[in-house]
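Every number here is computed from the coordinates shown, using simple stated rules; none is lab data. The shown structure was predicted, so the numbers you read here are calculated from the model rather than taken from an experiment. Cβ: placed from backbone, ideal geometry, glycine included. Neighbour counts: every protein chain shown.
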Amino acid sequence: MSHVSSDRIVKESLRAHICVGCVDRPEGSTLWGPSVERPCESNCTIFANLPRLEQIVDNAEGDARVDLVQKIRGTVCLNCHSCKSPGAIGHREELCTCPLNLNHEKVTGLLQTLLTPVSGSD
């Protein structure tokens with residue numbers, strides 16, 4: 001599968017499974033299909049960090065010792081400046097309301113499913 005094709009599949013899957021429940025989604029976007037790019041994606045912490053998130057999942061492939069949620073929080077979230085919640089610094093996990101923090105487990109699981117090859121396949 002080409003990089004462009006896999007990038008499209010990842011973005012469409014995020015739109016179909018994550019964006020549908022996002023409080024920041026544009027009005028009326030529930031009627032759009034997953035192939036339609038949302039105007040909020042340019043400010044979304046998930047889409048803005050997608051290459052880094054994919055790299056983390058790809059690098060952890062086959063290493064059961066890696067806690068992907070903690071790895072993402074320790075690299076992407078730790079260096080994120082999008083959190084605007086008062087007092088969130090030092091309490092980012094509890095107070096940050098960005099889409100990545102609110103959906104980190106769903107995003108991680110989705111990326112693992114999409115990016116990890118099925119055992120026994122070519």
**OP:** Report the extension gain between S13 and S29 in nm, rounded to one decimal, defined as 0.36 nm multiplied by the number of residues separating them, less their alpha carbon distance.
**Re:** 4.3 nm
Original post:
What Kirkwood hydrodynamic radius do you get for segment 12-79 when you take the inverse of the mean 1/r over all pairs of distinct Cα atoms, in Å?
Top reply: 13.4 Å
Original post:
Of the GluC sites (Glu not before Pro) in segment 1-82, which ones lie in a loop per DSSP and count no more than 15 other C-beta atoms within 10 Å?
Top reply: E27, E37, E61
Original post:
With a 10 Å Cβ neighbour count serving as the proxy for reagent exposure, in which order, fewest first, do I18, I72, I9 appear?
Top reply: I9, I18, I72
Subject >> Förster radius 25 Å - calculated FRET efficiency between Q112 and V36 (Cβ-Cβ, nearest 0.05) >> reply: 0.50
